[in-house]
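Data block below; observations after.
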Amino acid sequence: MLLRVSSFQVCWPIFMIFGATLHVQDSAVLDQKGRKEDGPKGLEERDMYIDNILTVHDKSNRQCLMAKMEARLLIQKLGNFIRNGPKTNILYIPVHPTTSGRCADNAGKQSELTIIWATSDGAKYKLKHTFAAEQKESSIKHTLKWIWTMKNVTLVYTSPIQRKGSKIVCYMTGRSPVSAPLQQSFLCKHALNITLTNPSTGNCDVILQYKAHLQIRAYNLENSDVFGNTYLCERSREIGLLTSLKSASTISCGFVLAVCAVCTIVVHSAKRTWFTSRQPYTSLD
């Protein structure tokens with residue numbers, strides 16, 4: 001008994017396997033973005049590059065800290081303001097604010113960048129970034145490397161009416177997403193969120209959202225006027241890896257579809273050559 005195999009039976013398992021593979025890759029990308037991009041959107045990678053550079057100078061007027069950033073505050077609760085309903089109060093930090101800070105001439109000291117601005121209603125805001133360096137284990141055994149980290153972000157809000165309790169202080173309570181090797185600048189091609197709260201008073205719940213292409217050089221020990229070598233943030237590396245995997249899956253799927261098409265032609269030709277049913281001769285009488 002001859003086994004007749006159709007081209008559909010040959011290709012169908014291959015279609016199922018690679019369809020499942022692409023579904024898994026797409027789900028991974030969506031899950032990664034969903035977990036990282038909670039909250040209001042709008043400061044994504046598609047936005048234009050940031051041109052404004054904030055700097056801190058030492059006593060010799062040399063740049064000791066550089067930051068290229070734009071950000072906004074997503075205010076859920078800040079003093080007497082409490083979000084009512086699904087709408088979040090959004091406050092954009094001015095592109096050219098007043099800045100101050102503190103330099104670190106060696107890895108044992110902390111550096112600071114403070115941004116100060118006021119709104120039209122008379123409220124005042126002060127956002128202070130504190131950076132510190134420490135030695136951590138490197139990938140090479142028994143060796144240490146210097147890493148700088150954004151240790152804390154503090155928001156001080158002063159209401160328009162000066163009275164007792166009018167000054168609200170919020171600070172970073174979670175793990176810092178900003179760190180890089182000591183001689184490198186930190187770069188993130190995607191928006192970053194930092195939650196600012198005050199558990200002791202409960203009068204502050206703010207999300208500080210940095211625009212895509214945030215870049216910081218907290219320890220400019222070489223006194224350079226450029227950001228130098230960059231260290232890509234964890235989030236951008238993860239999303240870049242998932243995007244590459246998705247592209248590789250698409251190419252692989254196209255290759256398999258081409259192979260499947262060749263198999264279809266081969267099976268069809270073999271079926272016509274080897275499995276052709278012969279018609280009986282008809283009598284001429």
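Filtering segment 143-163 down to residues that are surrounded by 18 or more Cβ atoms within 10 Å (Cβ to Cβ) and among the aromatic types (Phe, Trp, Tyr), which residue is farthest from the chain's Cα centre (by Cα)? Among those residues, the one meeting the criterion is TYR157. Within segment 133-142, none of the residues are at pLDDT 95 or above, surrounded by 11 or more Cβ atoms within 10 Å (Cβ to Cβ), in a strand (DSSP E or B) and acidic (Asp, Glu).
Criterion first (of a type outside the set (D, E, K, R) and either over 19 Å from LYS167 (Cβ atoms) or not assigned by the TED database to the domain that holds LYS211 (or both)) does ALA118 satisfy it? Break it down stepwise before answering.
Details: of a type outside the set (D, E, K, R): yes; either over 19 Å from LYS167 (Cβ atoms) or not assigned by the TED database to the domain that holds LYS211 (or both): no.
So ALA118 fails the test.
Can you say whether ALA212 is in contact with a Leu (Cβ under 7 Å, 6 or more places away or on another chain), among the aliphatic types (A, V, I, L, M) and part of a loop (DSSP other than H, G, I, E, B), as far as the supplied structure shows? Step through it out loud before you land on a result.
On the way: in contact with a Leu (Cβ under 7 Å, 6 or more places away or on another chain): yes; among the aliphatic types (A, V, I, L, M): yes; part of a loop (DSSP other than H, G, I, E, B): yes.
Here the answer is yes, as ALA212 does meet what is asked.
When segment 65-91 is filtered for residues that are modelled with pLDDT of 90 or more and more than 13 Å from ILE207 (Cβ to Cβ), the ones remaining, listed by number, are LEU65, MET66, ALA67, LYS68, MET69, GLU70.
The values are calculated or read from the model by the stated rules, or taken from the named source; none is laboratory data. In this text, all values refer to a predicted model and were calculated from it rather than measured experimentally. Every residue, glycine among them, receives a Cβ derived from its backbone with ideal geometry; neighbour counts consider all protein chains shown.
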